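Reading through the structure tokens given below for one structure.
Bear in mind that the values in this text are calculations on the coordinates, not laboratory data. Remember, it's a predicted structure, so these values are computed and weren't measured experimentally. With ideal geometry, Cβ positions are generated from the backbone for all residues, glycine too; neighbour counts draw on all protein chains shown.
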Amino acid sequence: TLSLLACGATDRPSEGATGADSGSPRTAAPAGATRGAPGIGDPDFPLDGNGGYDVAHYALKIGYVPESKHLDGEATIRATATQSLSRFNLDLRGFEVSGVSVDGAAATFSREGDELSVTPARPLARGAAFAVKVTYSGVPQPVRGSSNLGSYGFIPTGDGAFVACEPNGARTWFPANDHPADKATFDFEITVPAGVTVLANGELVSREPAAGGGTTFSWRESHPMVTYLATATMGEFQLREGRTPGGIRNLAAVDPRFAGELGDLYTRSGQITDHWVTVFGPYPFSSTGGVVDDFSAGYALENQTKPMYGGFRPDQSIIAHELAHQWFGNSLSIERWEDLWLNEGFATYAEWLWTEHTGGDTADERFRAGHDRPAGDPIWSYPPGDARPDDLFNESVYLRGAMTLHALREKIGDDTFFRLLKTWTAEHEHGSVTTEEFTALAERLSGKQLDSLFDAWLFQPRRPAA
Ligand code: ARG
Ligand code: ZN
């Protein structure tokens, strides 16, 4: 499912859709078949995602051997052409591609950087549904140390892999329209050596001995998901499964090094998910839970249905944060990265709500502590409503983003504010959102003019007045 429109570049700019040039008869493609753009249209990440099609479903068949770090993949991507396509791109980083087909017919392809360009045997008509299959193999190359992001993507570990892909690391393990503006459902069929457990999104469909030895885990995420939330984290894990007190399926998994945390992770994740249902609205997915792997990522990621904690014992606050993302970020996904505060500001505000709910500091106290930061504090010079591509996860996006919500709450009152949160999640469930849509809804529900409040908190490079 696609939310941003990208313009296609015309392969033959002189020949318009009318076929006006009468000189040389053309027999090949439908008139005006164009090349899909190499990016989806996010000005901050010009080559992320691709233009000209909308993915509905990824079916990923993957074999992975931790000892050799070798990955064999066969990805089948079902999509719809949103323009007539003479060729189109996928994002894929590294790997050897041994074959690409479109609707069963061999296609030609080329590679340049992270772009895999595919020319189908016959152009695709606008509106046509098609399936592209890519066969690839090699040792995954995660993205390492770019500005404040640390390492991300498919990261091989001693016993398997730690797979956390925000913002654009899906391409490190499968060919993708790798941008949050295109959400799709996923099937994972992943074969690993005996003793290795695979934890992907959604629900386990089957777990069977593989023909050539080892085990095949089939997982299915049947709700739309952005590519950066896809995971197939692998290794030795201890599991606890059941339901939250409120009846939502719950799965906690920990690396044996964190065996002592399994019970707590399971119980807290369940309890917090149930609480968020009362504050944010119905749980958008088929299960909740959490995974603690022993890779020290230095961060957590809200992988859909299975938030992941990279090598540390998660406290209540971070569990509250990652589970709030299941609504803010995962069900309601940003259409462009500059709006990241819609994910991180909301999840940070959820931490404050949870702390208050459990008898700690109130949200108001947290807001005041933030607002008391001196005028020279770096959060005041970074407007959180315009997250920067080279510093996406700046503290301002989290903290000043959360403060924006508290300032809004003070202005419109508790009743309207909490009604706004539930209306926001209900109106855009499983969809894509922008800051403008949020501010418009806040104005509609409150009946107040909120331009100056949002402008001061989100867009000005200075500390807003109290
Ligand atoms: N969304 C995550 C969180 O706030 C942050 C992920 C950071 N990503 C990264 N590649 N380091 O919980
Ligand atoms: Zn977050």
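When only DSSP loop residues count, what GluC sites (Glu not before Pro) in segment 390-466 have their Cβ near at most 15 other Cβ atoms within 10 Å?
Answer in residue order: 429.
Convert each backbone phi in segment 412-425 into a coupling constant with the Karplus relation 6.51 cos²θ - 1.76 cosθ + 1.60 (shift: θ = phi - 60°), then list the ³J(HN,Hα) values in order as whole Hz, x for Gly and Pro.
With the stated coefficients, segment 412-425 comes to 9, x, 4, 4, 5, 4, 6, 5, 4, 4, 5, 5, 4, 5 Hz.
Step through the residues of segment 279-287 one at a time and calculate ³J(HN,Hα) from phi using the Karplus curve (6.51 cos²θ - 1.76 cosθ + 1.60, θ = phi - 60°), rounding each to whole Hz and writing x for Gly and Pro.
9, 9, x, x, 5, x, 10, 7, 7
When 428, 321, 70, 179 are ordered from fewest to most other Cβ atoms inside 10 Å of their Cβ, what list results?
70, 428, 321, 179
Can you tell me the mean projection area, over all orientations, of the convex hull of segment 255-404's alpha carbons? Units nm², please.
9.4
Give me the Kirkwood hydrodynamic radius of the chain in Å, from all C-alpha pairs, to one decimal place?
Across the chain, the inverse of the average 1/r is 23.1 Å.
Checking the cross-link filter: which lysines have an alpha carbon closer than 20 Å to that of residue 183, excluding same-chain neighbours under 8 positions apart?
Hits, sequence-local ones excluded: 61, 133, 306.
Please find the FRET efficiency linking residue 369 to residue 148, where r is the Cβ-Cβ separation and R0 is fixed at 22 Å, and quote it to the nearest 0.05.
0.45
Of all the stretches in the chain, which is the longest one without any exposed loop site, taking trypsin sites (Lys or Arg not before Pro) in a DSSP loop (any state but H, G, I, E, B) with at most 13 other Cβ atoms within 10 Å?
Longest site-free region, per DSSP loop and neighbour criteria: 145-461.
At what distance in angstrom do the alpha carbon centres of segment 56-115 and segment 390-438 lie from each other?
36
Using the basic label-point model (7 angstrom from Cα toward the beta carbon), what is the residue 449 to residue 267 distance in nanometres?
Going from the residue 449 label point to the residue 267 one covers 5.3 nm.
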